[in-house]
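The values are calculated or read from the model by the stated rules, or taken from the named source; none is laboratory data. In this text, all values refer to a predicted model and were calculated from it rather than measured experimentally. No Cβ is skipped: glycine too gets one built from the backbone with ideal geometry, and neighbour counts run over all protein chains shown.
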Amino acid sequence: MDLTAVRTFVTAVDAGQFQEAATNLSITPQAVSKRIAVLEKDLGVQLFSRTARGARLTIDGQAFLPYARALLQAEERAAASVRPGRRALRVDVIRYRVSVAGLLRDFHRAYPETELDVLTLFDYDTAIAAVRSGTIDATFRAVTMPGRQLPDGVEATPVFDEPLYLFTGPAHEFAGARAIAPAQLAGRRIWMPGNMPGTEWAAYYDELAATFGLTIDAVGPNFGVEHLLDTIADSTTLATFVSEQTPLVWPAGHDLRHIPLHEPTPVYPHSLIWRTDNPHPALAALRHHLTSAYPGRANDGIWTPKWAQPAQPERA
């Protein structure tokens, strides 16, 4: 349906006369009549009855009017959804069940008037390309993956270092420990079937394994968190890593153990990545909120890969 003709129809109804509608639309009265005639032809009904005193809505015109207004409102909402400065802030959180999604929820509580579109882009390259192209406004990632640099014009800042925990069943050798050092896991098998090759988290855990001599086992289909917890609960040898703020719920009979790691504490380094010339007004508010809440990375007592640091943009 021709929305220009629909807008002309609504304007004519509100103005009460084609002459006044023409003035409001900056067109001639003849153009108003032509647009409405085209709309009537498309609909197969007469919307106005012409009289010596002007034009009055017919029964069909009265029936069509609320839908015509709804069409114009939908057009405006559709345009606003992609118009810079008016559309919602688009932010990638990788998955909804990760801690950075909680950071974004905290931001929304602090700025409830800010509209958000929360996306989940799986891999690093897709997310960075989306930031660079302006498809999304920001992404939470561990930067930078080995062999990759941030593109020119794209920047990152640390926003959260999330400690790792060892997760075991009640019969595992470390089940009774109050805390353990990563070095104590040397030679042990850590089962993480969700570690997809080429992802930033796989790169992180590969370097963790190489540093402390443990084995990350990604073998087997990934049937989800519930299956992982069921398997860990029944095993005397398998354990897995979970981040501190990963939300997990399991049956009481599993008696799973959440064991802190220390000396050093491995932390997963979340950063916010954005394009420096992005004009969206809510992006500045998000950056300020996150950097204000982030206490800064401690240099002592933690471990994170050397590559997992905010990188300078590459220069031509």
In segment 121-136, the residues that are under 15 Å from Trp201 (Cα atoms) and part of a loop (DSSP other than H, G, I, E, B): Leu121, Phe122, Asp123
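In this structure, does Ala101 turn out to be among the small types (Gly, Ala, Ser), out of contact with any Asp or Glu (no Cβ under 6 Å at 6 or more places or on another chain) and assigned to a helix (DSSP H, G or I)? Walk me through it before giving the result.
Values: among the small types (Gly, Ala, Ser): yes; out of contact with any Asp or Glu (no Cβ under 6 Å at 6 or more places or on another chain): yes; assigned to a helix (DSSP H, G or I): yes.
Answer is yes for this residue.
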Within segment 229-279, considering residues that are out of contact with any helix residue (DSSP H, G or I) (no Cβ under 9 Å at 6 or more places or on another chain) and within 30 Å of Thr135 (Cβ to Cβ), the one surrounded by the most Cβ atoms within 10 Å (Cβ to Cβ): Ser271
Ala70 under 30 Å from His280 (Cα atoms), among the small types (Gly, Ala, Ser) and not assigned by TED's automatic domain parsing to the domain that holds Val118: yes
Selected residue (criterion: modelled with the lowest pLDDT) from residues of segment 1-29 that are farther than 20 Å from Ala70 by Cα and outside any helix (DSSP H, G or I): Gln17
Top-ranked residue in segment 171-192 [being touching a residue at least 12 places away in the same chain (Cβ under 8 Å) and touching a Phe, Trp or Tyr at 6+ places or on another chain (Cβ under 8 Å); ranked as nearest to Val249 (Cα to Cα)]: Met192
Search result, residues across segment 156-194 that are surrounded by 20 or more Cβ atoms within 10 Å (Cβ to Cβ), among the polar types (S, T, N, Q) and closer than 30 Å to Arg287 by Cβ: none
In segment 54-82, residue surrounded by the most Cβ atoms within 10 Å (Cβ to Cβ) [restricted to those that are in contact (Cβ under 8 Å) with a residue 24 or more places away in the chain, assigned to a helix (DSSP H, G or I) and among the small types (Gly, Ala, Ser)]: Gly61
Segment 213-228, residues that are surrounded by fewer than 16 Cβ atoms within 10 Å (Cβ to Cβ), small (Gly, Ala, Ser) and within 25 Å of Ala101 (Cβ to Cβ): Gly224
Checklist (1) surrounded by 21 or more Cβ atoms within 10 Å (Cβ to Cβ); (2) outside the structural domain of Ala218 (by TED's automatic domain parsing); (3) not hydrophobic (A, V, I, L, M, F, W, C) applied to Pro151, failing item: (1)
